[in-house]
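Take a look at the structure below.
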Amino acid sequence: MLGKERARTILEQVLALGGAGETEALLLADEAALTRFAQNAIHQNVAQQDTVLRVRAVLDGRVGVASGNDLSREGVTAVFDRALQAARVQPPDPQFAGLPQPHPYPTLPELEEATASVTPAARAEFVGHACAKAEGSHLVAAGALETGLREVAVANSNGVLGYHAGSSAEFVTVIMGADSSGYGFALANTLSDLDVEAAVARAVDKALTGRAPQVFPAGHYPVVLEPDATADLLGSMAYTSFGALQLEEGSSFLTRRLGQPVLSSAVTITDDALNPAILPMPFDFEGSPKTRVSIIDGGVATGVVHDTYTASRAGTQSTGHAFPAPNPYGPRATHLSLAPGTASVSDLVASIDEGLLITRFHYTRVVHRPTVTVTGMTRDGTFLIRDGEIAHPVRNLRFTQSYVQALQDGCVIGAEQRLCGEYGPYLCPAVYIPEFHFTGVTDF
């Protein structure tokens, strides 16, 4: 890893170079190691390291950005020169309000270096459990376990200076039977907190109970979404609606509705990168401190996330949600949490006369942003609920559904959250939705 002192030295080298009115230097250093497995056996161990320096130079309202991997003094100077040259040929940006000013950053837990430097043998112990569990159940497991470290360091000519190092561990598996499959996912800050056993147990259970799926016709049914499916709702809403740029452009379902009820009163959604359970980070990629943002509170639209661009236009402060420049997509909510309710998954299932239990969604695409209407398929465990009990597995179905409509009155939020990571580190409970629109049946 770079370490705080070396990162600071590189950033100071950039800021010491003259010629720009304002200068920003951003260092992103990643170390990741991955163990892949298939057919109940490990087949690959890979590791990679990458460090990128990004420089943003501002000259009379003109903004240029350049990046490079050469961290020698000559390489650093070359990146700065390219950014400055890019600024010289740009038109003035009237929306650029200047680089951020320094603010104190919250204190986060220290990096666990053991997770960042875990060996292939240690990862193999976790993977071996998954393979043995699948083989013992006459199933076939595939997936991966990744451990890694990310360092982020940012400084600018206004006095901003921040450094953060964080570790992560992520496990994913699909466990297959002859005509069934199950999905298991686990994400944590540290390998010691990664619950691989629970993820494998979920996947094996779905693969075993999902055998011999029956055809169930398309139609409108109540559903219970397990947390991995709920994550798709949050991810699609974050992509289309929770950023200030989408609000400005009118593509967000929150546009002109802040302060108004937009979802069920059971729904409370926050973005909180300081939550120690959600891969925390103290500042964004331009050095603004991360803040907790209430987006939906009891069904009422309360806010969106900002970077310095959108905050300036809105007459407010950045919430610490900038992505690296240049960024045409605007700020993005990345650490979402759907507040839990009080019902267990069993309670949610028991409330349905005829409906479906959904493990997760696959290959989802937004087809209408203002209503967050999404099309996709169920996957890795879809089950018919009849008279409040799981009756039998069914073949996967295609759906086209407004996620905004899905979370209107009548939805019920489950009590237990789980950290889901396909779309971001999101804390998600199960959700009961009284009507979900299925448009077709697949062959598997």
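Scanning the range 142-155 for residues that are of a type outside the set (D, E, K, R) and in contact with a Gly (Cβ under 9 Å, 6 or more places away or on another chain) yields Gly143, Leu149, Val152, Ala153, Val154, Ala155.
Exactly one residue among Ser344, Ser337 is under 27 Å from Val431 (Cα atoms) and either surrounded by fewer than 21 Cβ atoms within 10 Å (Cβ to Cβ) or in the same structural domain as Gln101 (by TED's automatic domain parsing) (or both), and that residue is Ser344.
Among strands (runs of 3 or more DSSP E) entirely within the range 359-444, having at least 3 residues that are over 22 Å from Ala142 (Cα atoms) singles out 373-386, 389-393, 397-402, 426-428, 431-441. Annotation note: of Thr35, Thr107, Thr23, the sole residue that is in contact with a helix residue (DSSP H, G or I) (Cβ under 6 Å, 6 or more places away or on another chain), hydroxyl-bearing (Ser, Thr, Tyr) and under 30 Å from Ala314 (Cα atoms) is Thr23. Residues that are assigned by TED's automatic domain parsing to the domain that holds Ala134, in contact with a helix residue (DSSP H, G or I) (Cβ under 6 Å, 6 or more places away or on another chain), touching a residue at least 12 places away in the same chain (Cβ under 8 Å) and in a loop (DSSP other than H, G, I, E, B) do not occur anywhere in the range 42-54. So in the range 10-54, with the set limited to residues that are surrounded by 13 or more Cβ atoms within 10 Å (Cβ to Cβ) and β-branched (Val, Ile, Thr), which one is nearest to Asp93 (Cα to Cα)? The residue in question is Thr23.
Scanning the range 58-72 for residues that are surrounded by 13 or more Cβ atoms within 10 Å (Cβ to Cβ) and more than 18 Å from Pro324 (Cα to Cα) yields a total of 4.
Based on this model, can you work out whether Arg211 counts as surrounded by fewer than 21 Cβ atoms within 10 Å (Cβ to Cβ) and modelled with pLDDT of 95 or more? It is true that Arg211 is surrounded by fewer than 21 Cβ atoms within 10 Å (Cβ to Cβ) and modelled with pLDDT of 95 or more. Taking the criterion of being free of Cβ contacts under 8 Å to residues at least 60 places away in the same chain and farther than 12 Å from Gly243 by Cβ, the residues of the range 297-327 that qualify are Asp297, Gly298, Gly299, Val300, Ala301, Thr302, Gly315, Thr316, Gln317, Gly320. Residues in the range 304-334 that are surrounded by 24 or more Cβ atoms within 10 Å (Cβ to Cβ) and either within 22 Å of Ser236 (Cα to Cα) or basic (Lys, Arg) (or both): Val304, Val305, His306, Asp307, Thr310, Thr319, Gly320, His321, Ala322, Pro331, Ala333.
The values are calculated or read from the model by the stated rules, or taken from the named source; none is laboratory data. Values in this document were obtained by computation on a predicted structure and should not be read as measured data. Positions of Cβ are generated from backbone atoms using ideal geometry, with glycine treated the same way; all protein chains shown enter the neighbour counts.
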